[in-house]
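Peer 1: One structure, pasted below without further comment.
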Amino acid sequence: MCKNHGVAYVKPGKVEVREIDYPKLALGDRQCHHGVIIKIVSTNICGSDQHMVRGRTTAPEGLILGHEITGVVIEAGRDVEFIKEGDLVSVPFNIACGRCRNCKEGKTGICLNVNPARPGAAYGYVDMGGWVGGQAEYVMVPYADFNLLKFPDPDQAMEKIKDLTLLSDIFPTGYHGAVTAGVGPGAIVYVAGAGPVGLACAASCHLLGAAVVIVGDMIPERLEQARSFGCETIDLRNDTPLPDAIAEIVGVPEVDCAVDCVGFEARGHGANADKEMPATVLNSVMDVTRAGGGIGIPGLYVTGDPGAVDEAAKKGSLSIRLGLGWAKSHSFHTGQCPVMKYHRQLMNAILYDKVQIAKAVNVQIISLQDSVQGYKDFDGGAAKKFVIDPHGMIPN
Ligand SMILES: NC(=O)c1ccc[n+]([C@@H]2O[C@H](COP(=O)([O-])OP(=O)(O)OC[C@H]3O[C@@H](n4cnc5c(N)ncnc54)[C@H](O)[C@@H]3O)[C@@H](O)[C@H]2O)c1
Ligand SMILES: [Zn+2]
Ligand SMILES: [Zn+2]
């Protein structure tokens, strides 16, 4: 029997690498003859994992983390028709059946058949259906024909694996944030957050033809990273109000589109830069987005937050000035990114050198054992996207 190891959530602030079961083509009693077993080539640590590891969710002890998976198919179930053993594939973090009403409409982030508790599922995530995570050596992927994106040439793909590994989540997620905010040629955009999602969004804005991309954060190294590929930046530790800081860059205190790449653990501006203020990004993007503009919200907001700053926020109720957004006829787009809507096009943008996404988010490859340190460094604000290479397959 093959062995397997994975990254487990132990308690707030603690993850560990432990021996775990080798995957089966099943989830409990649910048979998955439509699934495959994947030998994982790369699996990324995400800001979404950090919400769990910081104790800000109800994630249970022992949950095997990891939803950003790329790998080689080593076993295909009886009902898998088109994906074959040996295929090198990107796994969208959303698990989708391909058969329900939402999947048929392309809304794969809210599939109705993969999570008895609510629409939408993911690997290794609290409340997301109990599917085992893929910060591991091996993982099972259900509905393989529908979910998987096969790279056309495995050798060429391995040369660009640091870029292609980002197709399972943050590149499509950042791109989706930009698209739903209405970014197109000539747009002036504000991106809140310079974590990997914010940086992937900023790079996506450039790909979509934005004229100016302004990134705000309070971590100087992350802002430096944003400048490294042509973004303007705003250091939110400074007291300058956001509209004034935007006016210093583009001459007017507003932008055409804004994207929240922060979510519910947002902190305030200036003197409040260390203080958690969960609604601050939502309110500030309404403030700076022009009337009629779009606001993309890939940043995560939760239905329950045991570590929230007040009772209302513990239930996900935030103090949002919706009247302002209403008065300006803003459009808002929330939710998980439906990865499959974008991953093929973005794969081609990578393969044909139209975007340098690994460079933009500063991919750093680490071993499975080093993932514990990777979690710590990422939580400490490292300007890096940590990518675990569990089998030592990624060339230097
Ligand atoms: N919708 C989706 O499908 C999807 C997919 C992946 C990640 N996410 C979410 O996207 C968010 C970002 O992910 P990440 O990996 O980049 O996380 P991250 O934690 O590394 O980045 C968040 C950044 O926001 C900054 N920040 C805090 N308050 C701010 C404020 N008021 N204004 C501007 N910046 C502020 C932080 O300093 C940090 O650099 C997370 O909430 C994550 O869960 C959503
Ligand atoms: Zn992710
Ligand atoms: Zn479905």
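The values are calculated or read from the model by the stated rules, or taken from the named source; none is laboratory data. Predicted model only: the values in this text are computed from it and were never measured. Because the Cβ atoms are built from the backbone with ideal geometry, glycine has one as well, and the counts that use them run over all protein chains shown. What goes into the accessible areas is simple: the full protein's heavy atoms, side chains included, and nothing from ligands, DNA or RNA. Shrake-Rupley method; radii C 1.70, N 1.55, O 1.52, S 1.80 Å.
Peer 1: Computed FRET efficiency, Cβ-Cβ of Q356 and K104, R0 35 Å: what is it to the nearest 0.05?
Peer 2: Numbers: r = 35 Å, r/R0 = 0.99.
After rounding to 0.05, the efficiency reads 0.50.
Peer 1: Please give, to one decimal in nm, the separation of the simple spin-label points placed at A291 and S228, each 7 Å out from Cα toward the Cβ.
Peer 2: So the two model labels end up 4.2 nm from each other.
Peer 1: So, in nm, how far is label D274 from label V250 when the simple model puts each one 7 Å beyond its Cα toward the Cβ?
Peer 2: About 3.3 nm, to one decimal.
Peer 1: At q = 0.23, 0.29 Å⁻¹, what is the log10 ratio I(q)/I(0) for segment 227-285, with the Debye formula run over Cα points and no solvent?
Peer 2: For segment 227-285 at q = 0.23, 0.29 Å⁻¹, log10 I(q)/I(0) is -1.07, -1.32.
Peer 1: Over segment 1-124, what per residue volume does the convex hull of the Cα atoms give, in whole Å³? Each step should come with its number before you reach the end.
Peer 2: Numbers: hull volume 15.6 nm³, N = 124.
Cα convex hull per residue, to the nearest whole number: 126 Å³.
Peer 1: Send over the Kirkwood Rh of segment 45-181, from the inverse of the averaged 1/r over different Cα pairs, rounded to one decimal Å. Walk me through the numbers before you get to the answer.
Peer 2: On the way: mean 1/r = 0.0637 Å⁻¹.
In segment 45-181 this quantity evaluates to 15.7 Å.
Peer 1: Nearest 10 degrees, 0 to 90: what angle lies between the long axis of helix 170-180 and the longest principal axis of the chain (Cα atoms)?
Peer 2: Its long axis makes an angle of about 50 degrees.
Peer 1: Right, next: Sorted from largest to smallest, which semi-axis lengths in Å does the alpha carbon gyration tensor of segment 253-311 give for its equivalent ellipsoid, taking the root of 5 times each eigenvalue?
Peer 2: Numbers: eigenvalues 101, 40, 13 Å².
For segment 253-311, the semi-axes come out at 22, 14, 8 Å.
Peer 1: Let me ask something else about it. From the alpha carbon gyration tensor of segment 114-243, can you work out the equivalent ellipsoid semi-axes (sqrt of 5 times each eigenvalue) and give them in Å, largest to smallest?
Peer 2: On the way: eigenvalues 199, 72, 45 Å².
Each semi-axis is the square root of five times an eigenvalue, giving 32, 19, 15 Å.
Peer 1: If we restrict to alpha carbons, what Rg and Dmax does the chain come to, in Å?
Peer 2: In order Rg, Dmax, the Cα atoms of the chain give 20.1, 65 Å.
Peer 1: What percentage of the solvent-accessible surface of segment 288-373, computed with a 1.4 Å probe over protein heavy atoms, is contributed by carbon and sulfur atoms? Before the final figure, lay out the partial values.
Peer 2: On the way: 2400 of 4620 Å².
That fraction is 52 percent.
Peer 1: As I understand it, the value is the acute angle between the Cα axis of helix 196-207 and the longest principal axis of the Cα atoms of the chain; what does it come to in degrees, rounded to 10?
Peer 2: Once rounded, one gets 70 degrees.
Peer 1: Pulled fully out, how much extra length does the chain show between E75 and D29, if you take 0.36 nm times their separation in residues and subtract their Cα-Cα distance? Mind dumping the intermediate values first?
Peer 2: Details: separation 46, 0.36 × 46 = 16.56 nm, distance 1.96 nm.
Fully extending the segment from E75 to D29 adds 14.6 nm.
Peer 1: Skip the ligands, DNA and RNA, and give the accessible area per residue of the chain with a 1.4 Å probe, whole Å².
Peer 2: Working: 16300 Å² over 396 residues.
I get 41 Å² per residue for the chain.
Peer 1: Where the accessible area of segment 9-66 is counted over protein heavy atoms with a 1.4 Å probe, how much of it, in %, is carbon and sulfur?
Peer 2: Values: 1100 of 2310 Å².
Ligands and nucleic acids excluded, carbon and sulfur give 48 percent.
Peer 1: When DSSP beta bridges are limited to those with both residues in the chain, what percentage is antiparallel, rounded to the nearest 5? Walk me through the numbers before you get to the answer.
Peer 2: Numbers: 32 of 57 bridges.
Of the beta bridges lying entirely in the chain, close to 55 percent run antiparallel.
Peer 1: Computing the accessible area with a 1.4 Å probe over protein heavy atoms, can you report the carbon and sulfur percentage for segment 98-233? If you can, show how the numbers build up before the last one.
Peer 2: Values: 2270 of 4510 Å².
Answer for segment 98-233: carbon and sulfur cover 50 percent of the accessible area.
Peer 1: Could I ask something else about it? Provide, for q = 0.29 Å⁻¹, the log10 of I(q)/I(0) from a solvent-free Debye sum over equal Cα point scatterers in segment 329-372.
Peer 2: Reported log10 I(q)/I(0), two decimals: -0.97.
Peer 1: Next up: In debye to the nearest 20, how big a dipole does segment 72-230 give about its Cα centre with +1 on each Lys and Arg Cβ and -1 on each Asp and Glu Cβ? List each step's numbers first, then the result.
Peer 2: Working: 12 positive and 17 negative charges, 121 e Å.
Dipole size: approximately 580 debye.
Peer 1: Still on this model: If R₀ is 25 angstrom, what is the calculated FRET efficiency for the pair R118 and R344, using the beta carbon separation as r and rounding to 0.05?
Peer 2: 0.35
Peer 1: Pulled fully out, how much extra length does the chain show between S367 and D310, if you take 0.36 nm times their separation in residues and subtract their Cα-Cα distance? Show your work: numbers first, answer last.
Peer 2: On the way: separation 57, 0.36 × 57 = 20.52 nm, distance 3.86 nm.
In short, 16.7 nm is gained.
Peer 1: Then there's this: Quick one: which of K104/K359; K24/K341; K162/K354; K275/K315 span more than 24 angstrom between C-alpha atoms?
Peer 2: Distance filter (> 24 Å) returns K104/K359; K24/K341.
Peer 1: Ranked highest first by the average count of other Cβ atoms within 10 Å around their residues, in what order do 365-376, 213-224, 173-184 fall?
Peer 2: On the way: 365-376: 17.5, 213-224: 21.5, 173-184: 26.8.
The packing order, highest mean first, is 173-184, 213-224, 365-376.
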